[in-house]
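No value in this document is a laboratory result; all are computed from the given coordinates. Owing to the predicted nature of the structure, the values given are computational and were not obtained by experimental measurement. Using ideal geometry, Cβ is built from the backbone for each residue, glycine included, and neighbour counts are taken over all protein chains shown.
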Amino acid sequence: MTNMPNFSSLSIKDLLEARDQFHIHLMKKENVLATAISRYRIRKEDPWPEKQPETKTVSAPKPQVKKKERTLENSEVREYSWPCILVFVEKWKDPDALYKIDYQDIVPNCVYMPDGRVVPICVVEAPKIDKRDDFIDVSKLRFPKNVLSGGQPLIVQIQGSEHIASIGCLVTDGNKVYALTNRHVAGEEGTIIYSKMGGALKRIGVTSQKQLGKVSFTEAYDGWPGRNILVNMDAGLIEIDDLDMWKTEVFGIGAFYRMADLNTSNITLDLIGKKVSGYGARSGKIDAEITAMFYRYKSVGGTEYIADFLIGPTGKKKGLDIAPGDSGTLLLMDDIKKENEKEREIKRPFALMWGMHEFAENSASRKIGYALASCLCNMCKKLDVDLIREWNLDIDNTWGKTGHYKIAARACDLVSDASLYKLLQANKDNIGYSDEYLEAKDDIAKAKSEEFIPLADIADLYFRYKRFKTEGSNHYADMDESNENVYEGKTLLDLCLDESNIDIDVWKDFYGKLDEADPKDRARDGILPFRIWQIYNQMVKSLKDGKVDEFICAGGIVSHYLGDTTIPLHVSYLHSGIPGQETKVHSDYENGLLDKNMPKVFEALNSINEKVKAEDLIAGGKGAVKLAIGTMRKTLETLPPMTIIECFDNYSGQGKYQKAWDELGDATVKNLADGCYKMALLWESAWKEGGGENIPENKLKEIDKDVLMDLYKNYYFVQSFNINSPKFKEVLY
């Protein structure tokens, strides 16, 4: 028996330290092309070992017949494969023959560290092919008819020729939405990016100044060794022209789960062999696996260049079917999520493909393709953007689940009428979520879901993303904007002090004159308080018709818009910061601040027990719109938007949401509390005006979720309009 090192205990840091120490010597060897971190590759023809008793010693190896070359194609990673340094060589050479020529060119079996650690080296013959066919037949690419998504082609016109690449995914900085692709594809800031829709060339956006090229390895992976090493991130953002033209799923794959958060505290060699997939604009569906990590592919002037991942074929496939035009492809790893003691398969985005290497196999008679990719979470961190997913509320201009669902749920507790209270309590889970469920943060608010969505976020998660193109204008109104040449420099808040100006035609005229005096990228069209007027009318009508299901559905939906009136950035022209100096303030305030301080929000709002007072009740749609405008006025007085902007200008990094809460928390809670009471007031006013006392006792019960789904999926039930629609006036007056 002979003692052997316990290679299985080696960490990625151990491998990186060993490679870093020995890499200069390796790369000086004439035959060595590149190195990577992986697990030892076993020739496929080699037998599997017999199981040995658990012991720290193993039998001494028997003398073996001289092995033939090891290649990427004829070898594989097995469950017993040790952690190792992969060394790629131009040509497999027998050590005995090499010793006679120049023993210094022999690649050793191990690296011996000064502290006694021993790290195995696995040599693989994989000569690279530098020349390949870059011609792309555009006529064979699959362009969309009307909606763009990840995996579809984009076109960049550079120096008189067309360059094709893949769209990766959508991301947001809290202000704008971008398509993520490679920097070498997107080009310089301001470059116009095209695709084809319905067969016609169409501009889809312009290249943003937000880009990433090479980044220091130690900056990307803090605490890991990497002298003179640069990571090629190759990330470029395209500022998209029209969000309505996009959807967030990956073409050919579908919706995906949360991004894999890979960092120095959780990356392990368990990633080797992990099954991954993607959809390239040139090659279509890509099924692959992670072959190696931190692939050192080039050395120039003493600086080494690495790709985070080397992606190779699965099983018996001979290389990846990838080609020029697939750059920018989003790669997703297969994973399992446990839910209620059950497991389901999910796809986690983890990398963006930026290049490929073709290796020669069998004396260059065959070319096998491997993809080079960069870690997605590192890109997002450096670019300061968040991934947008189809079934999560991750885009700007949305009041996160905490605000909407809490206002809606708490309002159910504050009505005074006993019958209405009984009805709302029975339907509380249909309208919102409990505090405990919100804090669990599990499968909440699925955009465009075919499963039931609690009513308080239908406006965002169903109407906005699946039902109405005009929905966006229903969520805001810039009540504090003015121009000295328009209406004597008055704001909408000023104008609406005169009740005769609470009129859709007056607002339309006001917006038109502002657009002429100070044009923006989009015409002004915010109609938030009028949306509340419209749905209040529906609540009253439904009750008068004895349709309790419609009353609950309409009331649950309108709670979203009432919640919007309590958000300073939804009722101000400063919604994304000072014009021309836009920041992430919108998402920082509406999502980050509340989500990070949920317990404090819930404790404060749960302590409010003021029930609706009879003297506060309103009547008619005009009463509802006046209530909404009054709430917006109070919101801006309680927490001016500039206070929020200046606060987040002062705080960044770890702990910023706690510091911001100390400054903004009290005023935020006051606005939320006002929203809870005002929503309860809408419920009770509509109940009284609609003759709720005539509703029989047997109807004061929970409404079936399928019934509510049928209602909110009905296009004509509380249909969304824009300010210029003649039908909008019809549902108001």
For region 555-629 and region 655-733, compute the distance between their C-alpha centroids and round to whole Å. 12
Proximal aspartates and glutamates to residue 382, defined as alpha-carbon separation beneath 12 angstrom and excluding residues fewer than eight positions away on the same chain: 173, 219, 234
Shape of region 591-657, Cα gyration tensor, a/c cut at 1.5: oblate
Which whole-number percent gives the relative contact order of the chain, counting Cα pairs below 8 Å spaced six or more residues apart? 11
Charge sum, other residues only, whose C-beta stays under 11 Å from residue 111's C-beta, Lys/Arg counted +1 and Asp/Glu -1: -1
Burial ordering of 289, 188, fewest other beta-carbon atoms within 10 Å first: 188, 289
With Cβ to Cβ distances under 15 Å as the rule, what net charge do the other residues near residue 647 carry (K, R +1; D, E -1)? -3
Options 625, 426, 124, ranked by Cα towards positive dipole end of the chain, top entry (Cβ charges): 124
With N residues in region 108-267, what two-decimal value do you get for its Cα radius of gyration over 2.2 N^0.38 Å? 1.33
Out of all DSSP beta bridges with both ends in the chain, state the antiparallel percent to the nearest 5. 90
Can you tell me how region 445-555 classifies by the Cα gyration tensor, rounded, prolate or oblate, using a/c under 1.5 as the rounded cut? oblate
Helix-only estimate, please: 222 nm mean residue ellipticity of the chain, summing -39500 (n - 2.57) across DSSP H runs of length 4 or more and dividing by its residues, to the nearest 500. -8500 deg cm²/dmol
With θ taken as phi - 60° and the coefficients 6.51, -1.76 and 1.60, list the Karplus ³J(HN,Hα) couplings across region 234-239 in order, rounded to whole Hz; mark glycine and proline as x. 6, 10, x, 10, 10, 6
What FRET efficiency do you get for residue 335 and residue 483 if R0 is 51 Å and r is their Cβ-Cβ distance, rounded to the nearest 0.05? 0.45
Applying the Karplus parametrisation 6.51 cos²θ - 1.76 cosθ + 1.60 with θ = phi - 60° to the phi angles of region 535-542, what ³J(HN,Hα) value in whole Hz is obtained for each residue in order, glycine and proline being reported as x? 6, 4, 4, 5, 4, 5, 4, 4
Please go through the residue pairs 422/634; 93/214; 274/656; 13/214; 285/705; 140/202 and name each one whose alpha carbons sit more than 26 Å apart in this structure. 422/634; 93/214; 274/656; 285/705
State whether region 138-383 is rounded, prolate or oblate according to the following rule on the C-alpha gyration tensor (a ≥ b ≥ c being the square roots of its eigenvalues): a/c under 1.5 gives rounded; otherwise a/b larger than b/c gives prolate, and the remaining case gives oblate. rounded
Sorted from fewest to most neighbouring beta carbons within 10 Å, what does the list 584, 28, 622, 713 look like? 28, 713, 622, 584
Which order results if 248, 566, 181, 643 are arranged by neighbouring Cβ count within 10 Å, fewest first? 643, 248, 566, 181
For region 656-733, what number results from the quotient of the Cα radius of gyration and 2.2 N^0.38 Å? 1.65
Over the Cα atoms of the chain, what Rg and Dmax result, in angstrom? 30.7, 103
Karplus 3J(HN,Hα) series, Hz, for region 557-570 with 6.51 cos²θ - 1.76 cosθ + 1.60 (x for Gly, Pro): 5, 5, 4, 5, 5, 4, x, 4, 5, 8, 9, x, 7, 8
